[in-house]
Amino acid sequence: MTDTLLQVEHLRIEIPTRRRTLVAVDDVSLQIDEGEVLGVVGESGAGKSLTGAAIIGLLEPPGRIAAGA
């Protein structure tokens, strides 16, 4: 049996603007178990770096984690 090292469920990141709230990342879930390696791929501007920053607690204002555990 492997231990879960990181689990993210239903992550949603929002960035408020003057006109509206931009949903930058919506409903991202992942689980990394001991011994696993995760690669995240996607187009430029897809939210990869923003997701990583939120997971490690480095999301800068005005960005905010609006949902998820």
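Residue under question is ALA69, and the condition is that it be within 15 Å of the chain's Cα centre (by Cα) and either part of a helix (DSSP H, G or I) or among the polar types (S, T, N, Q) (or both); does it hold? First the steps, then the outcome.
Values: within 15 Å of the chain's Cα centre (by Cα): yes; either part of a helix (DSSP H, G or I) or among the polar types (S, T, N, Q) (or both): no.
The answer is no for ALA69.
Quick one: which residue in GLU60, GLU9 is of a type outside the set (A, V, I, L, M, F, W, C) and assigned to a loop (DSSP other than H, G, I, E, B)?
Working: GLU9 fails: assigned to a loop (DSSP other than H, G, I, E, B).
Result: GLU60 is the single residue among GLU60, GLU9 that is of a type outside the set (A, V, I, L, M, F, W, C) and assigned to a loop (DSSP other than H, G, I, E, B).
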Within the range 39-57, the residues that are within 15 Å of ILE15 (Cβ to Cβ) and either touching an Asp or Glu at 6+ places or on another chain (Cβ under 8 Å) or part of a loop (DSSP other than H, G, I, E, B) (or both) are GLY45, ALA46, GLY47, ALA53
Residue count, the range 39-61, condition surrounded by 10 or more Cβ atoms within 10 Å (Cβ to Cβ) and out of contact with any helix residue (DSSP H, G or I) (no Cβ under 9 Å at 6 or more places or on another chain), comes to 10
Log entry, pairs with first residue in the range 13-28 being over 18 Å from ALA69 (Cα atoms), second being among the acidic types (Asp, Glu) and surrounded by 13 or more Cβ atoms within 10 Å (Cβ to Cβ), beta carbons closer than 8 Å, six or more apart or on different chains, reads THR21/GLU14; LEU22/GLU14
Exception for ALA67 within (1) out of contact with any His (no Cβ under 7 Å at 6 or more places or on another chain); (2) at negative phi falls at (1)
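Values quoted throughout were computed directly from the atomic coordinates according to the rules given, and no laboratory measurement underlies them. Keep in mind the model is a prediction, meaning the values are calculated, not measured. As a convention, Cβ positions derive from the backbone with ideal geometry for all residues, glycine included, and neighbour counts pool all protein chains shown.
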